[in-house]
Amino acid sequence: MHRFADALRSVATTLWVGGMWITGYAVAPVLFSVLPDRTLAGAVAGRLFASMAWIGILCAACLLTLGFLRHRAAVLHMPAFRIVVLMLVLVCAGHFGVQPVLADLKGQALPLPVMESDLRERFAFWHGVSAVIYLVQSLLGVALVITAFREKNRSAGGA
């Protein structure tokens, strides 16, 4: 049973962290460089980021559940657990906190694209907040991968 749980934890971590890095630092920039309409590129990127937020929430739930099942209360003191909690807080802050503000600003700007409206500076500020949250979450993802690898090696060496 531990092998299956370890494999599931590896898949959830890989899906979440890898997906974040690919979406944020490969796919989104390509969309803005290839698509001639920045509004369309932003809309597609926004949908991708929303999908990644839900994937992150599901992966975090999986990782936290597996941690509690395997380690009980001791999981609260494990670095990987704390990183997952921080990442979950950030993904929720971005998706449920900042993204609705951005969507509202886009709606208020209609019929103009928000970056051509009087709301441009407010949108740019909140977009920057979103980018910082995403960057911190991405870096925590790298820390999670490293920490999970170390924990796995430590438990394999002690077995």
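The values are calculated or read from the model by the stated rules, or taken from the named source; none is laboratory data. Computed from a predicted structure; not experimentally measured. Virtual Cβ from ideal backbone geometry, glycine too; neighbours counted across all protein chains shown.
Just a few scattered comments:
- Test for Gly18: is it in a helix (DSSP H, G or I) and surrounded by 14 or more Cβ atoms within 10 Å (Cβ to Cβ): no
- Val27 under 15 Å from the mean Cα position of the chain (by Cα) and either at pLDDT 95 or above or loosely packed, with under 13 Cβ neighbours inside 10 Å (or both): yes
- Output for segment 41-64, where each listed residue is closer than 20 Å to Met115 by Cα and buried (at least 19 other Cβ atoms within 10 Å of the Cβ): Gly42, Ala45, Phe49
- Note on segment 54-105: residues that are over 15 Å from Arg9 (Cα atoms) and among the aromatic types (Phe, Trp, Tyr) amount to 2.
- Elements of type helices (runs of 4 or more DSSP H) in segment 74-159, at least 1 residues being among the small types (Gly, Ala, Ser) and surrounded by fewer than 13 Cβ atoms within 10 Å (Cβ to Cβ): 99-109, 120-158
- Considering segment 30-40, the residues that are modelled with pLDDT of 95 or more and either among the basic types (Lys, Arg) or in a helix (DSSP H, G or I) (or both) include one that is nearest to Met115 (Cα to Cα), namely Phe32.
- Screening the candidates Arg9, Arg3 for the property of being crowded, with 16+ Cβ neighbours inside 10 Å and among the charged types (D, E, K, R) yields one hit, Arg9.
Quick grid of which residues meet (1) more than 12 Å from the chain's Cα centre (by Cα); (2) over 24 Å from Met20 (Cβ atoms):
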position	(1), (2)
Ala109	yes, yes
Phe123	yes, no
Ser130	no, no
Ala148	yes, no
